[in-house]
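Here is the structure we will look at.
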Amino acid sequence: MKKILLLSDTHGHIDDRILKYVTDADEVWHAGDIGDLAVTDQLKRLKPLRAVSGNIDGDKVRMEFPLNDRFVCEGLDVLITHIGGYPGRYVPAVRNLLLQKPPKLFICGHSHILKVMFDKKHNLLHMNPGAAGKSGFHQVRTMLRFEVDAGEIKNLEVIELGKRG
């Protein structure tokens with residue numbers, strides 16, 4: 001079993017509110033718009049990190065982190081990208097990936113809106129952790145925490161980090 005902390009859209013911001021939850025996780029997953037490698041460097045010092053680059057990320061971030069990351073965690077097939085859309089409204093590149101071989105868990109960021117939805121058509125769980133940073137239109141900073149055990153997602157929790165400002 002692994003405890004996962006999922007965040008996105010830090011836009012260069014990292015603080016003790018985020019880091020408090022990092023220490024409780026086995027791994028941290030970041031769904032893009034990192035903003036500054038100082039964010040991921042700090043996360044990597046504490047826990048293993050998986051991350052993808054986002055649309056605001058510059059060359060340094062893009063050189064270190066891919067656009068998409070597909071992997072298996074504790075028997076669970078996972079795909080992470082930054083701009084993905086939602087069930088029924090995926091962006092074309094994601095729709096093509098899902099048609100070829102859908103994962104069991106699809107994660108994206110970008111919208112700054114926390115959503116967890118089951119996609120019946122592709123038989124997968126879609127997660128967007130919202131935005132953990134302070135830049136953007138979101139009102140409340142959010143992340144997700146869950147466990148992966150024998151290919152199953154368990155104990156999913158929404159973490160609210162307080163107001164954006």
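The values are calculated or read from the model by the stated rules, or taken from the named source; none is laboratory data. As the structure is a computational prediction, the values presented were derived from the model and not from experiment. Positions of Cβ are backbone-derived with ideal geometry, glycine not excepted, and every protein chain shown enters the neighbour counts. Note: accessible area is taken over every heavy atom of the protein model, side chains too, but ligands, DNA and RNA are not part of it. Shrake-Rupley method; radii C 1.70, N 1.55, O 1.52, S 1.80 Å.
Just a few scattered comments:
- Inspection of the range 72-85 identifies at least one residue that is at positive phi, modelled with pLDDT of 95 or more and of a type in the set (D, E, K, R).
- Taken together, the residues in the range 1-14 that are among the aliphatic types (A, V, I, L, M), buried (at least 16 other Cβ atoms within 10 Å of the Cβ) and not in a strand (DSSP E or B) amount to 1.
- Of all residues making up the range 38-59, the number that are open to solvent by 70 Å² or more (accessible area, probe 1.4 Å) and in a strand (DSSP E or B): 1
- Test: residue in the range 15-37 that is touching a residue at least 40 places away in the same chain (Cβ under 8 Å), assigned to a loop (DSSP other than H, G, I, E, B), of a type in the set (A, V, I, L, M, F, W, C) and touching a Cys at 6+ places or on another chain (Cβ under 8 Å): yes
- For the range 60-118, taking the residues that are acidic (Asp, Glu) and under 26 Å from Met1 (Cβ atoms), the one that is most open to solvent (accessible area, probe 1.4 Å) is identified as Glu74.
- Exactly one residue among Met117, Met143, Met127 is more than 11 Å from the chain's Cα centre (by Cα) and among the aliphatic types (A, V, I, L, M), and that residue is Met117.
- Look at the range 108-128: where a residue is within 22 Å of Leu161 (Cα to Cα) and touching a residue at least 24 places away in the same chain (Cβ under 8 Å) and a partner is open to solvent by 50 Å² or more (accessible area, probe 1.4 Å) and not aliphatic (A, V, I, L, M), sitting 6+ places away or on another chain with Cβ atoms under 6 Å, you get Asn128/Lys115.
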